[in-house]
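Report on the following structure.
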Amino acid sequence: MNLAPLRFHWSMSAAADPKRRTQARSALSAVPDFPVLLNFCRMAEECGIDSLLTAYGAHRPDAIAMASALGVLTSKIKFMIAIRSGVSAPAQFVQQINTVSALTNGRVCLNIVNGHTVDELGCFGDFLDHEGRYGRTDEFLHLCNAFWHRGEGLVQFEGKHYRVTNGRLGSRYISPDGRVAPEIFVGGNSATAEATVIRHADCLWRFPDTVPVVGGTASRLAAAGKETGIITSVIARATREEALAETEEMREQFDDKARSVHEQALARTDSVASRTVYGLARQAEWLTPTLWTGAVPFMGPSSVALVGSYDEVAGALLDYKAAGISQFLFLGWPDLEEMQIFAREVAPRVREREAAAAALLEKAS
């Protein structure tokens with residue numbers, strides 16, 4: 001087992017609105033409830049969360065602006081800024097991220113997403129197909145890294161999607177640990193997403209599956225010196241019975257309208273990750289004793305959840321760690337309360353078992 005402690009991140013995508021994912025995106029407001037989000041960030045700091053995801057989309061506030069505003073009013077939490085290629089020129093984007101890093105003392109990392117819903121992509125003037133978007137992302141990340149790692153040279157590039165001549169920026173990425181570029185995560189379950197991580201990033205975010213399936217992804221990426229993380233919801237309670245009761249209570253809140261929203265989403269998406277999870281939910285409600293897909297038809301792929309007692313959820317996380325997973329990006333119902341439960345009950349159990357495993361290994365050596 002990897003002896004480095006698991007890293008835990010959280011999404012702000014449904015903060016203060018646990019039913020957000022049951023609604024059509026066209027019905028959602030992108031106006032932020034700033035006091036609620038700021039309270040969420042400060043609670044995440046108290047809970048020891050590594051970073052918070054500021055998600056991207058036409059139905060959300062701008063991810064960079066949100067991270068900047070929240071970053072200057074917090075002191076420890078990092079912000080995982082979601083971005084798609086095609087909406088910003090690489091040099092402009094690097095300049096923005098460098099500026100946020102200066103304002104927050106380097107408390108910023110990136111989540112590169114490829115987009116998944118054709119009509120929402122069209123809102124931003126993006127009409128490339130799945131593989132075309134990844135091809136553009138490949139060039140985008142190549143250029144971003146060129147600006148961050150250029151030293152004293154000038155950036156020169158001519159590709160299919162971007163062209164840069166004599167590129168130079170007066171800003172630089174600021175980090176207390178000496179990094180010259182932010183940590184980069186790429187979201188996706190496809191082979192193309194894995195290849196993008198290997199060429200340009202640090203870690204792949206994928207949706208959960210059984211340990212052998214996820215372990216296969218982790219093994220391929222580890223061979224290239226890259227990490228694999230899992231995006232999952234979580235419902236942890238004192239006993240398994242209480243956790244299952246929570247899922248039943250959630251079911252009572254779902255309706256045909258929510259199911260219709262996600263049937264339409266499935267019909268429109270070309271995302272391999274999203275289609276895979278919708279497919280898994282049709283096959284089985286429980287993929288493992290702790291991995292539940294029951295909310296997916298009503299709340300979408302990100303609602304696939306680890307469910308169980310505190311000990312069971314901690315054990316599931318460590319099973320994934322043994323298979324090569326190093327990080328988790330969580331959502332909860334509702335997020336703030338679930339994050340507090342996780343920090344108070346699950347994370348200490350994980351840390352205790354990690355310490356015990358490290359002690360055993362040290363004794364054996």
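Which condition breaks for residue 298 when tested against (1) part of a helix (DSSP H, G or I); (2) crowded, with 22+ Cβ neighbours inside 10 Å; (3) of a type in the set (A, V, I, L, M, F, W, C); (4) at pLDDT 95 or above?
Failed condition: (4).
In the range 313-340, how many residues are more than 19 Å from residue 206 (Cβ to Cβ) and surrounded by fewer than 20 Cβ atoms within 10 Å (Cβ to Cβ)?
Final tally of qualifying residues: 5.
Taking residue 9 as meeting all but one of (1) outside any loop (DSSP other than H, G, I, E, B); (2) surrounded by fewer than 22 Cβ atoms within 10 Å (Cβ to Cβ); (3) at pLDDT 90 or above, write down the number of the exception.
Exception for residue 9: condition (2).
Please report, ordered by residue number, the strands (runs of 3 or more DSSP E) entirely within the range 83-169 with at least 1 residues that are over 30 Å from residue 262 (Cα atoms) and either without any contact (Cβ under 8 Å) to a residue 40 or more places away in the chain or of a type outside the set (A, V, I, L, M, F, W, C) (or both).
Counting at least 1 such residues, we get 155-158, 163-167.
Is it fair to say residue 229 is of a type outside the set (S, T, N, Q), closer than 25 Å to residue 52 by Cα, under 18 Å from the mean Cα position of the chain (by Cα) and modelled with pLDDT under 95?
It is false that residue 229 is of a type outside the set (S, T, N, Q), closer than 25 Å to residue 52 by Cα, under 18 Å from the mean Cα position of the chain (by Cα) and modelled with pLDDT under 95.
Listed here are the residues, each with its yes/no results for (1) of a type outside the set (Ser, Thr, Tyr); (2) surrounded by fewer than 19 Cβ atoms within 10 Å (Cβ to Cβ); (3) modelled with pLDDT of 95 or more.
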site: 157; (1), (2), (3): yes, yes, yes
site: 162; (1), (2), (3): no, yes, yes
site: 165; (1), (2), (3): no, yes, yes
site: 173; (1), (2), (3): no, no, yes
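Identify, please: which residue in the range 252-287 is under 25 Å from the mean Cα position of the chain (by Cα) and among the basic types (Lys, Arg) and is, among those, surrounded by the fewest Cβ atoms within 10 Å (Cβ to Cβ)?
Result: 282.
Quick check on this structure: which one of 188, 225 is at positive phi and surrounded by 18 or more Cβ atoms within 10 Å (Cβ to Cβ)?
188
Modelled with pLDDT of 90 or more, touching a strand residue (DSSP E or B) at 6+ places or on another chain (Cβ under 7 Å), over 29 Å from residue 349 (Cα atoms) and among the small types (Gly, Ala, Ser): which single residue out of 201, 195, 243 fits that description?
201
Residues being in a helix (DSSP H, G or I), farther than 13 Å from residue 295 by Cβ and polar (S, T, N, Q): count how many of those fall in the range 210-262.
So the count comes out to 3.
Quick one: what pairs do we get from the range 269-289, first residue closer than 14 Å to residue 300 by Cα and modelled with pLDDT under 90, second assigned to a strand (DSSP E or B) and hydrophobic (A, V, I, L, M, F, W, C), C-beta under 9 Å, 6+ apart or different chains?
Listed by first residue and then by second, the contacts come to 273/205; 273/231.
Could you tell me whether residue 21 is modelled with pLDDT under 95, basic (Lys, Arg) and assigned to a helix (DSSP H, G or I)?
Taking the combined requirement at face value, the residue satisfies it.
The values are calculated or read from the model by the stated rules, or taken from the named source; none is laboratory data. Because the structure is a prediction, the values reported are computed rather than measured. We place every Cβ from the backbone using ideal geometry, glycine too, and count neighbours over all the protein chains shown.
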